[in-house]
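Read-outs throughout are calculated quantities, based only on the coordinates presented, and are distinct from any laboratory measurement. Worth saying up front: this structure is predicted, and the values here are computed from it rather than measured.
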Amino acid sequence: MQDNAEELFPIVDEEGKTIGKATRGHCHDGSQLLHPVVHLHVFNSKGELYLQLRPAWKDIQPGRWDTAVGGHVDYGETVDKALRREVREELGIKDFTPVLFDKYVFTSQRERELVYSHYTIYDGPVIPSDETDGGKFWAVDEIKSRIGSGIFTPNFETEFERLLSKGCHVRK
């Protein structure tokens with residue numbers, strides 16, 4: 001399995017307004033074309049946070065632990081529709097209530113993303129798809145103790161700090 005380099009993404013301004021389109025391959029080749037993505041952090045009622053393990057075939061950050069759900073908004077798709085599609089595809093979750101807690105620009109050497117970051121509280125079944133190498137719920141303290149060790153994606157580490165600073169359903 002591999003990502004489709006020809007998949008079309010919207011190119012947006014920092015407010016999220018679509019100003020063009022480009023392929024996944026072009027968006028990830030260092031062009032710094034700003035494209036929207038959705039993230040969902042899934043907490044259970046015990047305050048644990050579900051993380052996915054990115055598969056080795058991913059073109060960005062393979063083999064690292066990451067946000068429960070992260071995916072691109074397709075050209076012509078709304079943020080809400082993309083979020084619900086990605087959550088269904090990656091974790092098999094259909095009934096959840098997302099809360100938007102942040103919108104920011106993330107920049108790396110390979111790409112520039114406008115991130116719409118959400119969280120939810122969910123205690124139902126999680127059925128990871130073959131888009132991930134599985135996942136598990138982590139205690140927040142365990143995540144904190146392993147920040148900077150190289151097992152998490154840099155984007156997740158940054159966003160996790162945002163979750164903590166905004167007090168989003170994180171138990172101490």
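In this structure the amide hydrogen of F101, modeled in the peptide plane, comes within under 5 Å of the amide hydrogens of S117, H118, Y119, none closer than 5 places in sequence on its chain. Restricting attention to the stretch 32-116, close to 75% of DSSP beta bridges with both partner residues there are antiparallel. Our coupling estimate for the stretch 25-39, obtained by passing each phi through the Karplus curve with A = 6.51, B = -1.76, C = 1.60 and θ = phi - 60°, is x, 6, 5, 9, 9, x, 5, 6, 5, 6, 9, x, 9, 10, 10 Hz, Gly and Pro reported as x.
Of all DSSP beta bridges located in the chain, what percent are antiparallel, nearest 5? Rounded to the nearest five, the antiparallel share is 70 percent.
Helix 79-91 and the long axis of the chain differ in direction by around 60°, with both axes built from C-alpha atoms.
Contact order, relative form, for the chain: 26 percent (alpha carbon pairs under 8 Å, 6 or more residues apart, mean separation divided by residue count).
When only Cα pairs below 8 angstrom with a gap of at least 6 residues are kept, the stretch 33-84 shows a relative contact order of 40 percent. Classified by the C-alpha gyration tensor, the stretch 1-104 has an oblate form. Its axis ratio a/c, with a ≥ b ≥ c, is 1.5 or above, and a/b does not exceed b/c.
Just from its helices, what would the mean residue ellipticity at 222 nm be for the chain, if runs of 4 or more DSSP H residues each count -39500 (n - 2.57) and the sum is divided by every residue, rounded to the nearest 500 deg cm²/dmol?
Calculated from helices alone, the mean residue ellipticity at 222 nm is -6000 deg cm²/dmol.
Computed 3J(HN,Hα) for the stretch 139-151, one whole-Hz value per residue from the Karplus formula 6.51 cos²θ - 1.76 cosθ + 1.60 where θ = phi - 60°, is 5, 4, 4, 5, 4, 3, 6, 10, 4, x, 8, x, 8, glycine and proline marked x. Between the stretch 43-60 and the stretch 106-137, the C-alpha centres lie 6 angstrom from each other.
In terms of its C-alpha gyration tensor, the stretch 69-172 has a rounded overall shape, because the principal axis ratio a/c (a ≥ b ≥ c, square roots of the eigenvalues) stays below 1.5. To make sure I understand the rule: partners must be lysines, Cα under 20 Å from the Cα of K46, and not fewer than 8 residues away in the same chain. Which ones qualify? Those lysines meeting the cut-off are K136, K144, K166, K172.
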